[in-house]
Amino acid sequence: MPHMLSSASRTRVITSIARFQNLGQRCMSVRPLKYEHPTNTPGESSPQKQALPPPRKKVTIASLHALRQERTPITVLTAYDYPTARAASTHGIDVTLVGDSLAQVCLGYSSTTSLTLDEMLHHCRAVARGTTAPLLVADMPFGSFYAGKEDTVRAAVRMLQEGNVEAVKLEGGSEIAGRVQALTSIGIPVMAHVGLLPQRHTALSGYRVQGRTAQSGRSILHSALALEEAGAFSIVLEAIPSSLAAYITSRLKVPTIGIGAGPGCAGQVLVWDDVMGTWAGHKAKFVRRFGDVKSEVERGVKAYASAVRNGGFPQHEKEGYRMDDGEMEKLLEMEGDREWTWSPPELMSN
């Protein structure tokens, strides 16, 4: 990159990301919750504290390659905030992806192209605070890596420094290999993404399956090979035929992560809201619902609203607080108010 950045600038960039190079450690803005052992005292049958599961070993790029070698499928799930990050960390996900799909499922945009880098950084920070074991990857938003290699480096450095992520994901084929190489050459890990490219959905005439013909399939294959050569540590294959995905997987030395690419990939990724059933929009063929959170949310919201309206919530004894004995009377005396009286609604209804 000497032709792109001055020697001093290059030194600053390398220094700024150096703390992210030890992939065996998790760099985050807050420490994870510590493991707590049960604190039973003699004669007690149950612990005073809820014991947390032992901390999981940190997932690294090396461990992802080991999973591929062992033919153990890699699990990838999107997360957009602290609670979803905690869930992914607690329940065995290998890679947490701050996907630009948050544009639609969190911010209400019609497509991912509306998402800005600053908006992405806000969500990255929240996810980073809740991530412990999984490798943390984030999408580089639409437009953040199109102007050239130098702008790509600047945006990626911001995502590591300000977003506290460990790697970035770029959508595109062989035409972005130079930008991928610009990042990997200075130690910024890159996950590539080929096949259906949601950031280019307009140019692709919608969200259509790619690689159905020999020519288009070969183009995707050679894009994947070029991105691997540029240093990508993993490649997402989206919405391509299962046989093509399996063949590309066999040709690559890095793990492939499928989404709508069949069972022949080294791992799979889905969007949190698709998995949990909270997304009310279009359901792609490759999506499987593993939860029905939407129904539970509807039930909870309706029950809450009903309880408030009918006076059932809050109840003084269960959810209220008391003043010290005689203090309310003293307050009324101070105010010179001898008429005000109050009884909890649940007592008045009896």
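Annotations for the structure displayed:
- Positions within the stretch 115-137 being in a loop (DSSP other than H, G, I, E, B) and closer than 17 Å to residue 154 by Cα, in sequence order: 116
- Criterion: exposed (fewer than 11 other Cβ atoms within 10 Å of the Cβ) and touching a Pro at 6+ places or on another chain (Cβ under 7 Å) - qualifying residue of 336, 320, 326: 320
- Residue match in the stretch 71-81 (condition: in contact with a strand residue (DSSP E or B) (Cβ under 6 Å, 6 or more places away or on another chain), more than 19 Å from residue 233 (Cβ to Cβ) and either part of a helix (DSSP H, G or I) or of a type outside the set (D, E, K, R) (or both)): yes
- Every pair of residues 6+ apart whose Cβ atoms lie under 9 Å, when the first sits in the stretch 129-141 and is in the same structural domain as residue 159 (by TED's automatic domain parsing) while the second is among the basic types (Lys, Arg) and surrounded by 23 or more Cβ atoms within 10 Å (Cβ to Cβ): 137/169; 138/169; 139/169; 140/169
- None of 111, 89 is assigned by TED's automatic domain parsing to the domain that holds residue 235, in contact with a His (Cβ under 8 Å, 6 or more places away or on another chain) and more than 15 Å from residue 170 (Cβ to Cβ) except 111.
- Note on the stretch 171-205: among residues that are in contact with a Phe, Trp or Tyr (Cβ under 6 Å, 6 or more places away or on another chain) and not in a loop (DSSP other than H, G, I, E, B), the one that is nearest to residue 245 (Cα to Cα) is 199.
- For the stretch 97-114, the condition of being modelled with pLDDT of 95 or more, surrounded by fewer than 24 Cβ atoms within 10 Å (Cβ to Cβ) and of a type outside the set (A, V, I, L, M, F, W, C) holds for none of the residues.
- Scan of the stretch 277-287 for residues that are among the charged types (D, E, K, R) and surrounded by 12 or more Cβ atoms within 10 Å (Cβ to Cβ), ordered by number: 283
- Residue pairs meeting the criteria (Cβ under 7 Å; at least 6 apart or on separate chains; first not assigned by TED's automatic domain parsing to the domain that holds residue 66, in the stretch 218-237; second modelled with pLDDT of 95 or more and of a type in the set (D, E, K, R)): none
- Candidates in the stretch 84-105 are the residues that are free of Cβ contacts under 8 Å to residues at least 40 places away in the same chain and touching a Phe, Trp or Tyr at 6+ places or on another chain (Cβ under 8 Å); of these, the one that is nearest to residue 267 (Cα to Cα) is 102.
- Check on residue 82, within 17 Å of the chain's Cα centre (by Cα) and either hydroxyl-bearing (Ser, Thr, Tyr) or not assigned by TED's automatic domain parsing to the domain that holds residue 179 (or both): yes
- The numbered conditions (1) assigned to a loop (DSSP other than H, G, I, E, B); (2) touching a strand residue (DSSP E or B) at 6+ places or on another chain (Cβ under 7 Å) are all true for residue 220 except (1).
- Flag for residue 138 being under 15 Å from residue 272 (Cα atoms), modelled with pLDDT of 95 or more and within 10 Å of the chain's Cα centre (by Cα): yes
- Of all residues in the stretch 239-265, those satisfying the criterion of being closer than 11 Å to residue 286 by Cβ, touching an Asp or Glu at 6+ places or on another chain (Cβ under 9 Å) and free of Cβ contacts under 8 Å to residues at least 60 places away in the same chain are 258, 259.
The values are calculated or read from the model by the stated rules, or taken from the named source; none is laboratory data. Keep in mind that this is a model prediction, so the values were computed, not measured. A quick note on method: Cβ atoms are made from the backbone with ideal geometry, for glycine too, and the neighbour counts reach across all protein chains shown.
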